[in-house]
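In what follows, a single structure is set out as structure tokens and then discussed.
Each value in this text was obtained by applying a stated rule to the coordinates, not by laboratory testing. Remember, it's a predicted structure, so these values are computed and weren't measured experimentally.
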Amino acid sequence: MDNALGQLFEIFVSQFPVLIAFGVGLTLAARNRVALPAASGKTTLAIVLFVIDLVVLNWLTQVVINSMVQADPSLSSDELGLLLNGLALARSVLRAWAFMILFNLIFPGAQGRRWPRRLLGGLVGLVIGVVLALALGGPISAAVGISDFEGASGYFVVFALTPFFALIGAVTGVVVTR
């Protein structure tokens with residue numbers, strides 16, 4: 001546990017200038033909560049999301065890496081990479097949400113209010129695309145003549161079909177929610 005707390009302290013130290021900027025932003029939001037209550041609340045929410053990403057998810061990533069490597073030293077780089085990419089996706093979604101809140105404050109209008117639905121549509125489309133790629137990957141690789149020798153069809157599904165289907169699904173999800 002000392003190692004995890006030490007890592008958390010290191011994150012605070014390395015991100016101190018950004019945390020100061022977030023503190024200034026929270027102070028400004030608190031000072032203007034009476035005059036601009038909606039803007040103050042949204043700004044506070046965006047800053048809290050950024051802090052969660054910067055501190056909590058960054059720390060969680062380091063703790064997960066260390067605990068997985070200690071638990072299983074023979075862990076393959078592919079398995080670790082898959083986990084790290086999942087955490088990176090969660091962090092990206094959180095940052096995108098925070099930025100969209102701030103963009104909506106800077107550029108108010110009808111278009112800015114539709115972003116949560118579009119983001120959700122893109123995420124649902126991405127997940128559906130990945131599921132379809134994994135479900136249809138075997139028949140597609142067999143249809144194009146990729147053998148299963150030494151996992152060739154598995155690599156084709158993971159590294160070619162899954163990103164392609166995920167991209168198509170995310171774009172379709174965003175377009176459909178318009």
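Values as computed for the structure displayed
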{"item": "The chain: DSSP helices with Cα axial extent of at least 27 Å and average Kyte-Doolittle hydropathy no lower than 0.0", "result": "77-106, 115-143"}
{"item": "Computed lengthening from GLN62 to LEU5, 0.36 nm per intervening residue step minus Cα-Cα distance", "result": "19.4 nm"}
{"item": "Highest-MSF residue in the chain out of PRO108, PRO73, PRO116 [GNM, Cα springs under 10 Å]", "result": "PRO73"}
{"item": "Residue-averaged 222 nm ellipticity for the chain, from DSSP H runs of 4+ at -39500 (n - 2.57), nearest 500", "result": "-26000 deg cm²/dmol"}
{"item": "Rg to Rh, two decimals, where the range 7-110 supplies the alpha carbon set and Rh follows Kirkwood", "result": "1.11"}
{"item": "Correct choice for Rg/Rh (Cα atoms, Kirkwood Rh) that was computed from the model, options (i) 0.99; (ii) 0.93; (iii) 1.08", "result": "(iii)"}
{"item": "Added length on full extension, which subtracts the Cα-Cα distance from 0.36 nm per residue, ILE106 to VAL13", "result": "30.4 nm"}
{"item": "Relative contact order %, the chain, counting alpha carbon pairs below 8 Å whose residues are six or more apart", "result": "20 percent"}
